[in-house]
Structure formats: C-alpha cells, structure tokens
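For reference, the structure discussed in these notes is given below.
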Amino acid sequence: MSLICTICARGGSKGVVGKNSRDLMGRPVLAWSIAQARETALFDAIAFSSDSDALLEAALTAGADIAVRRPDEMATDTAPKLPAIRHCLEQAIARTGKTPEIFVDLDVTSPLRLASDITGAVNLLRQSGARNVITGAPARRSPYFNLVEQRADGSVGLSKLADPPIVRRQDAPRCFDMNASIYVWRVGPFLQHPAVFYPDTHLFEMPEERSVDIDSDLDFALVELLLRQRLKA
C-alpha cells in the first residue's frame, strides 16, 4: 500500500523567530520530522511544503523527496493549515503519479515524536476503518471536573456539564490534549472534504514527554532538554 507524508512549514514565525530552521541538537528543527518519516520506511514520498526557498532547500538536504512551493495566500499569519496540506498532497500525487489510500501529515514543530508513534497512528487508522486519526496526550485538566471557562460577565463555570454532576476526576470520561504531532487521513475523504474531525475520528495516544509543540522559546528549551535526556538514555 502506497503512502505519502506531507510536512508543511511557513518561513515566518512570530512566536519563535526562524524556529523551523533553528538548530536543535545539531540539525534544523524541520530535519527531525523528515528523519522520523524516513525511519518508518512507510512512505513512497516525503513532500515538504513552504513559502520559503531556504526552508525548501533545507528540507531537500535533510532527505525530503519533493519540495512544494506554497502559494502566498496559504502562507499568511491568518491562513488555515488544511488548504496548505491539501495543496501539498495534490502536488505530491501529481509528481509521483500515485494516489495513495492513506497519507500522513507531520507537524514540523513537534520533534519529540518517535517513528513508532507514526507507525502506530497509521496502524490505528487501518485497524479502525476510520477516516482519520489524530494524536494527543492525556489532558491535565478535565472539562467535566476542573477545567473552567469564563462567561461574558466575567464569571466562570465548568466547560462541560454532566447530569448527574461528576465530582471525582476518576469518574470523568478520558480527555486528551491534541498535540498536533501526527495526522493520518484516508486520501479520498480528505480530498472531498478536508477536516480534522469526522464522526469516526480516532485518537492515537502519546505520552506528555513526546507531545511538546514548539510555540515559544520556553517550549524550545524544554524540547531541547527532553531530547538531551533521550539521547543520554
């Protein structure tokens, strides 16, 4: 079964300047996702999408098979990511001449995942028959128990009410923080209707220590620390 991997990264970043090409343990941040995709040996092609020529060149150097120039309108601060993923997928299909049943998108700012996480998410999609699989880590707070949201008048209340009320954390349904690390889709449904959530979406669970997304300098320092500890182990 053929599979394609897409990896999308904009050239601009306001939270952490230049984060996608920033050196992380001797290689650019973007190179970690490419290496993990390669390690799985799952993919006929790894396609890297960006509006930055420098990032595209760095991705090819790191082992990507296809460099996809992202249209400028898909690379603004307010542009949603799904159109960019779809554009990258369509370009990969056109250039390989193959339409896979499944494709995987890896978030370039989630370098703590393992190749086995990617394989596990793909296997879950195959076994479940679902249209897509997302990844997440167990949530520290439960919307049924101790996660609150603020109302327009400034008061707060539980984000999700149950009847009868849930008074013990152990009694609440399991909740997860989406870590945006790995997305697995069946190509047909995605091309017809790109979405993160479908009625049959499944979740592949990852531990918290592999779920940090780089969105600040503090996140970057934490990721670097965890990678150092992993390499020492």
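Structure summary
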| quantity | calculated |
| --- | --- |
| Selection within the stretch 67-86 - among the aliphatic types (A, V, I, L, M), surrounded by fewer than 21 Cβ atoms within 10 Å (Cβ to Cβ) and at pLDDT 95 or above | ALA67, LEU82 |
| Long-range neighbours under 6 Å by Cβ, at least six apart or interchain, first residue charged (D, E, K, R) within the stretch 63-88, second in a loop (DSSP other than H, G, I, E, B) and surrounded by 14 or more Cβ atoms within 10 Å (Cβ to Cβ) | ARG70/ASP51; ARG86/PRO194 |
| Residues of the stretch 212-233 classified as in a helix (DSSP H, G or I) and surrounded by fewer than 12 Cβ atoms within 10 Å (Cβ to Cβ), total | 7 |
| Test: residue in the stretch 144-154 that is in contact (Cβ under 8 Å) with a residue 40 or more places away in the chain, outside any helix (DSSP H, G or I) and of a type in the set (Phe, Trp, Tyr) | no |
| Residue that is open to solvent by 50 Å² or more (accessible area, probe 1.4 Å) and in contact with a helix residue (DSSP H, G or I) (Cβ under 9 Å, 6 or more places away or on another chain), where the choices are LEU158, LEU114 | LEU114 |
| Near pairs, Cβ below 9 angstrom, 6+ apart or cross-chain, from the stretch 196-211 (assigned to a loop (DSSP other than H, G, I, E, B)) to any residue that is of a type in the set (Lys, Arg) and at pLDDT 95 or above | TYR198/ARG131; PRO199/ARG131; ASP200/ARG131; THR201/ARG131; MET206/ARG113; SER211/ARG113 |
| Strands (runs of 3 or more DSSP E) (entirely within the stretch 10-108) containing at least 1 residues that are more than 15 Å from the chain's Cα centre (by Cα) and within 25 Å of ASP219 (Cα to Cα) | 45-50 |
| Candidates ARG186, ARG140, filtered to the one that is under 16 Å from the mean Cα position of the chain (by Cα) and among the basic types (Lys, Arg) | ARG186 |
| Residue match in the stretch 213-223 (condition: among the aromatic types (Phe, Trp, Tyr) and closer than 30 Å to VAL17 by Cα) | yes |
| Single condition SER49 does not satisfy, out of (1) surrounded by fewer than 20 Cβ atoms within 10 Å (Cβ to Cβ); (2) under 25 Å from ALA195 (Cα atoms); (3) small (Gly, Ala, Ser); (4) in contact (Cβ under 8 Å) with a residue 24 or more places away in the chain | (1) |
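The values are calculated or read from the model by the stated rules, or taken from the named source; none is laboratory data. Keep in mind that what you see is a predicted model, and the values were worked out from it rather than measured. No Cβ is skipped: glycine too gets one built from the backbone with ideal geometry, and neighbour counts run over all protein chains shown. When the accessible area is computed, the model is the full protein with side chains, heavy atoms only, and any ligands, DNA or RNA have been set aside. Shrake-Rupley method; radii C 1.70, N 1.55, O 1.52, S 1.80 Å.
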